[in-house]
Amino acid sequence: MRAMAVVVLTLAALLVGAPARAATEVPWFGTNPGNLKMFRYTPSGLPSGRPVVVALHGCTQDASYGTNSGWTELAQRWGFTVVMPQQQAINNGNRCFNWFQSADTTRGWGEAESIAQMTRKALSDAGTRRAHVTGLSAGGGMTSAMLAAYPELFAAGGIVAGIPYGCAVALYEAFSCMNPGKNLTPAQWGAKVRAASGHTGPWPVVGVWHGTADTTVAPANLREIVEQWTNVHGVPATPTSTDTVNGYPHARYGSAVETYTITGMGHGQPVDPGAAAGQCGRAAAYVLDVGVCAAWHMAAAWGIAG
C-alpha cells in the first residue's frame, strides 16, 4: 500500500509541475480509410501505462471539443492521453461523424476503422491497453458504434445526447432516429451490438447523459441506449439504484450501465467550469454550463481520476 501511495504521489508531482501542452496533430496512424484527422493531447512527463480517452466531437465542432468538454484539462490534472478525432468537411458538410452510414460504422470500415487505428496508435505510444471512448451528439452516435464494433478496445464509454448503435444504416433514417427516436425491444437492440463484432465479452460499461429539453436528439434515445446495453450485459433495464448528482437524476443498472438525466438542458455537453473537485470544461457552442461536468464524472466512474 505504501509503495502504491509513493507511485501516485510521484505521478501527481510530475503532472502538477509540468507545463500544459497544446493538442498536436498526428499525421500518420494507419491506413485511415475514413479520411479523418487525429489530434492528441499528452501531458508533459506522462509516465508509460497511463490510460487513453478518445473524445468525439459533435456536428459543426472540431477537435477543440476535447478542450471545451474538459477532457484535456482533466488529462493534465490526472495524467492520461486524450485522442481527438476530427471530421473533415469533404466527408460531411456539417462535420458530423457519419454514425448513420453502415460503411462508416462497420468493423474494419470507414470512419470507425480510422478511429480504431487512432486508438491503437495511442495505446501503443502510451504503453497501455486501457482505453475509453466518449462523444457528443454525432460523436455520441459514433461512440455507440465504437463500443459495438470494437468492444475489445474500450473498457468503458460515455454517450452524450447520442443514438443507439444500429438505429440507422443510411442518411434517410438518421433524422427519425434523432427525433422522435426508434423504439425497439431490448433484445432487438442488443442483437445489433452482438452482431457487430462477434465479441463474447467482457463488454464495455456504458454511461449515458441526456438533457430533458433536447429537441435535436430526443431524450427517448437515453431509454433505448439503456435497453441496448443492459440487454448486452444481461441485466434488467430497470434501475438497481437511483440518486441525484449535483441535483440531477442519476440511475445505475447493476455495474453495467448508468444514466444522468440533466433536467431542463437542451442539446449539448454538460460542463461546470472551475478548478474545484467535480468541475471542468468551458462553455461553448453545444457545450453547456449546467453545474455538472460530464467528463469529470466519467473519469471518476472509469477509475482514471486522481
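Within the range 180-199, the set of residues being assigned to a loop (DSSP other than H, G, I, E, B), farther than 11 Å from GLY162 by Cα and in contact with a helix residue (DSSP H, G or I) (Cβ under 9 Å, 6 or more places away or on another chain) comprises PRO180, LYS182, ASN183, LEU184, THR185, HIS199. Against the condition within 27 Å of HIS267 (Cβ to Cβ) and within 14 Å of the chain's Cα centre (by Cα), how does MET38 come out, does it pass? So MET38 fails the test. Every condition in (1) surrounded by fewer than 18 Cβ atoms within 10 Å (Cβ to Cβ); (2) assigned to a loop (DSSP other than H, G, I, E, B) holds for MET265 except the one numbered (1). The residue pairs whose first member lies in the range 225-243 and is on the phi < 0 side of the Ramachandran plot, whose second member is of a type in the set (Val, Ile, Thr) and part of a helix (DSSP H, G or I), and whose beta carbons are closer than 7 Å, counting only pairs six or more residues apart or on different chains, are GLN228/VAL193; VAL232/VAL193; PRO236/THR230; ALA237/VAL226; ALA237/THR230. Remark: pairs (first residue in the range 28-56, within 12 Å of MET84 (Cβ to Cβ) and touching a residue at least 60 places away in the same chain (Cβ under 8 Å); second residue part of a loop (DSSP other than H, G, I, E, B) and of a type in the set (A, V, I, L, M); Cβ separation under 8 Å; 6+ apart in sequence or on different chains) = MET38/VAL26; ARG40/ALA23; ARG40/VAL26; VAL53/ILE304. Taking the range 200-257 and the strands (runs of 3 or more DSSP E) fully enclosed by it, the elements with 3 or more residues that are modelled with pLDDT of 95 or more and either more than 20 Å from GLY162 (Cα to Cα) or under 16 Å from the mean Cα position of the chain (by Cα) (or both) are at 205-211, 241-245. Once the range 102-123 is narrowed to residues that are of a type in the set (Ser, Thr, Tyr) and out of contact with any helix residue (DSSP H, G or I) (no Cβ under 7 Å at 6 or more places or on another chain), the residue that is farthest from PRO151 (Cα to Cα) is SER102. At least 3 residues being touching a Ser or Thr at 6+ places or on another chain (Cβ under 6 Å) is the threshold, and among the strands (runs of 3 or more DSSP E) wholly inside the range 62-170 those reaching it are 131-136, 156-160.
So is THR31 among the β-branched types (Val, Ile, Thr) and either at pLDDT 95 or above or not in a helix (DSSP H, G or I) (or both) or not? Answer is yes for this residue. Of all residues in the range 106-147, which are within 17 Å of LEU36 (Cβ to Cβ) and among the charged types (D, E, K, R)? Those that are within 17 Å of LEU36 (Cβ to Cβ) and among the charged types (D, E, K, R): ARG107, GLU111, GLU113, ARG120, LYS121.
The values are calculated or read from the model by the stated rules, or taken from the named source; none is laboratory data. These numbers come from a predicted model, not from an experiment. Reconstructed Cβ throughout: ideal geometry from the backbone, glycine too, with neighbour counts over all protein chains shown.
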